[in-house]
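Nothing in this text is a laboratory measurement; each read-out follows from the coordinates by a stated rule. Please read all numbers here as calculations on a predicted model, not as lab measurements. Ideal geometry is used to build each Cβ from the backbone, glycine not excepted, and the neighbour counts take in all protein chains shown.
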Amino acid sequence: MSTLHTNTVETSSSGPVVLTKQEALKFWVNYDGPGNAVRDSLNQSSVTDDGTGLFDFVYTTNFADTNYCKQAMVTQVSGGTSSAAGCSARKASAQETKTYFENNANTFLDVDYSYAAANGDLA
């Protein structure tokens, strides 16, 4: 097996390489709801706790328009075992960043492991 080590990849005319038919995440966050702490993130500048189970993850760089896709998921740990929790990525405008988490009884809750991500074109 060979290993390639490089700092820069360019075209033969010394321009940037254009990747086609590929899409990378433009935003993601791993969030501790009860602790109100970001464990790790990309393109996420801050978080506002809007109340139990309601969070506003603020982007460092906004998306170009309303045509981006946001996803969210959770893992709720209770007494060492996972319990059911749901989530929704609320998006009412181009830069809507609010996310909420709830249990099976439709009650908002701060979940232990909250994840959100988005794909699309950045501004």
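Each label was represented as a point 7 Å from its Cα along the Cα-to-Cβ direction; for A123 and A24 these points are 2.2 nm apart. Electrostatic bookkeeping for T52 treats Lys and Arg as +1 and Asp and Glu as -1; over the other residues with beta carbon under 10 Å from its beta carbon, the sum is -4.
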